[in-house]
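The values are calculated or read from the model by the stated rules, or taken from the named source; none is laboratory data. Keep in mind that this is a model prediction, so the values were computed, not measured. Here the Cβ positions follow ideal geometry from the backbone for every residue, glycine too, while neighbour counts run over all protein chains shown. Ligands, DNA and RNA are stripped out before the accessible areas are found, and what is left, the full protein with its side chains, is counted by its heavy atoms. Shrake-Rupley method; radii C 1.70, N 1.55, O 1.52, S 1.80 Å.
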Amino acid sequence: MNNKIIFLDALPIMQRLMDNGYDAYFVGGAVRDYIMHRPINDVDITTSATPNEIESLFDHTIPVGKEHGTINVVWQGSNYEVTTFRTDGAYLDHRRPSEVFFVRDLYRDVERRDFTINAIAMDHQFQLVDYFEGQQDIQAQIIRTVGHPKDRFDEDALRILRGLRFQSQLGFTIARDTYHAMKENVADIEYLAIERIMIELEKLLHGSHVSQVFASLSDLNIWHYLPYFREVDMRAIRINIPLTLSQFLAIVMYCTHHETGLKQLKRSNDEIKAAQHLVHALKAAQQLDSKRSLAQFVYDFGYHTARELLALQDIFEVNNITQPTPIIFNLQIIEEVFQSLVITNRTQLDINGKTLMTALASKPGPWLKTALRSAECAVVQRKIPNREQEIIEWVKTNVKIP
Ligand code: ATP
Ligand code: MG
């Protein structure tokens, strides 16, 4: 099994912990994904050693979350999260325990974990320690909380979104009582930091089973508790393919005509800009009616965006978003038009503001911007060659110069 190698690489860390008298296990997502033969992200190790004890055993450590028991051990160039067995104190704010206690026993550690499929431990000989029938739930493809779902969601409402996220990634079904408790506790999402919510939403949207899960978000009334989304009608939106967050935001903005307020989601400016760019492109694409206009489109919005829109055709269709005709908007023509663009940006134009003003003996003014844009479009659409003299002639006859 190919996946085994990633654990084998981490074995020396486990071995050193054990040689010093501590228990150590692999745990969490890596064990789940290993059992499911899925690609593994990162290997987490859980141990009876305290953070100080972990630090004393390894040369290169980073105290990433020492107060919660997590130390990163850097081993042969890779990072491993090593976390002390712990149990959580009281949850007072529906999002994190007021304190954590380090313990010496594995059971107490896995008992605090969110879902049975995430609570399986595996020792250095690849023997599974499965206190909550996690393997059975993996077989049956069920997402079920460890312990009473209502209590677990009361403690930490992020688990509601995590459960839906795992459903989207794995294609599992959420156990009936778990789903019921999600519904009951959904309002507690309001207590969570929006950053953490958005990380889960992003992973959910990427999941290969997003189409089934997305409807649950409305069914659970989750949008009502999230900034921005609560202001729009999310029930009108269908998601039938995995998406990036900016693609999703573009679709929401387009469909709901609500293009402001995204700042509240606390994502990066680049991501919001990418979403807005896509909305503009989406609107412009609807005007495409010729190869010439497609050249202008690819020039203005970029090859990448053209390809992105093309890849999203199916989702536009289910959301009744008008699309250009496939006769001109298809992969082959986009490719061809892009390869044969006369210029790819303004600086390649054989004229600039200065030379144009000199040639026309005119002063700067708003006309200049219009003239340059008009020349740029004429060149891109091959109405004139990209040569100074022709451009000047074009401007003379096509732009009103004061
Ligand atoms: P991924 O493949 O996305 O990393 P994962 O299951 O490893 O999935 P992480 O967020 O990396 O998820 O968390 C690691 C483990 O920690 C989980 O598998 C689970 O056992 C536990 N865990 C994480 N977040 C919570 C939480 N909010 N409540 C309870 N247990 C949690
Ligand atoms: Mg993980």
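Key figures for this structure:
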{"read-out": "Per-region count, the stretch 27-45, residues more than 9 Å from ligand 1 (Cβ to nearest atom) and more than 20 Å from the chain's Cα centre (by Cα)", "value": "6"}
{"read-out": "Segments classed as helices (runs of 4 or more DSSP H), wholly inside the stretch 322-394, with at least 3 members that are open to solvent by 40 Å² or more (accessible area, probe 1.4 Å) and within 13 Å of K291 (Cβ to Cβ)", "value": "331-339"}
{"read-out": "Scan of the stretch 166-185 for residues that are crowded, with 23+ Cβ neighbours inside 10 Å and within 16 Å of ligand 2 (Cβ to nearest atom), ordered by number", "value": "F166, S168"}
{"read-out": "Residues that are on the phi < 0 side of the Ramachandran plot and open to solvent by less than 40 Å² (accessible area, probe 1.4 Å), drawn from the stretch 259-277", "value": "L262, L265, E271, I272, A275"}
{"read-out": "Residue match in the stretch 21-42 (condition: over 21 Å from R162 (Cβ atoms) and touching a Pro at 6+ places or on another chain (Cβ under 9 Å))", "value": "no"}
{"read-out": "Within the stretch 100-131, tally of residues that are under 19 Å from G163 (Cα atoms), part of a loop (DSSP other than H, G, I, E, B) and hydrophobic (A, V, I, L, M, F, W, C)", "value": "2"}
{"read-out": "Evaluation of E55 against (1) farther than 21 Å from Q136 by Cα; (2) in a helix (DSSP H, G or I); (3) open to solvent by less than 10 Å² (accessible area, probe 1.4 Å) (one fails), failing number", "value": "(3)"}
{"read-out": "Residue identified as of a type in the set (V, I, T) and touching a Leu at 6+ places or on another chain (Cβ under 8 Å) among I138, I120", "value": "I120"}
{"read-out": "In the stretch 361-402, residue nearest to E336 (Cα to Cα) [restricted to those that are acidic (D, E) and without any contact (Cβ under 8 Å) to a residue 12 or more places away in the chain]", "value": "E390"}
{"read-out": "Checking C255 against (1) under 17 Å from the mean Cα position of the chain (by Cα); (2) touching a residue at least 12 places away in the same chain (Cβ under 8 Å), the condition it does not meet", "value": "(1)"}
{"read-out": "Qualifying residues in the stretch 12-26 (those that are open to solvent by less than 40 Å² (accessible area, probe 1.4 Å) and closer than 16 Å to N79 by Cβ) - the one nearest to ligand 1 (Cβ to nearest atom)", "value": "F26"}
{"read-out": "Condition check for L288: under 28 Å from M198 (Cβ atoms) and either buried (at least 16 other Cβ atoms within 10 Å of the Cβ) or of a type outside the set (A, V, I, L, M) (or both)", "value": "no"}
{"read-out": "Options L265, L278, L226: the member that is in contact (Cβ under 8 Å) with a residue 12 or more places away in the chain and within 15 Å of the chain's Cα centre (by Cα)", "value": "L265"}
{"read-out": "Any chance H60 is over 17 Å from V27 (Cβ atoms) and crowded, with 16+ Cβ neighbours inside 10 Å", "value": "no"}
{"read-out": "Flag for V64 being within 14 Å of ligand 2 (Cβ to nearest atom), in a strand (DSSP E or B), farther than 27 Å from Q135 by Cβ and of a type in the set (A, V, I, L, M)", "value": "yes"}
{"read-out": "Cβ-Cβ under 7 Å pairs, at least 6 apart or on other chains, the stretch 347-360 side free of Cβ contacts under 8 Å to residues at least 24 places away in the same chain, far side open to solvent by 50 Å² or more (accessible area, probe 1.4 Å) and part of a loop (DSSP other than H, G, I, E, B)", "value": "M357/P364"}
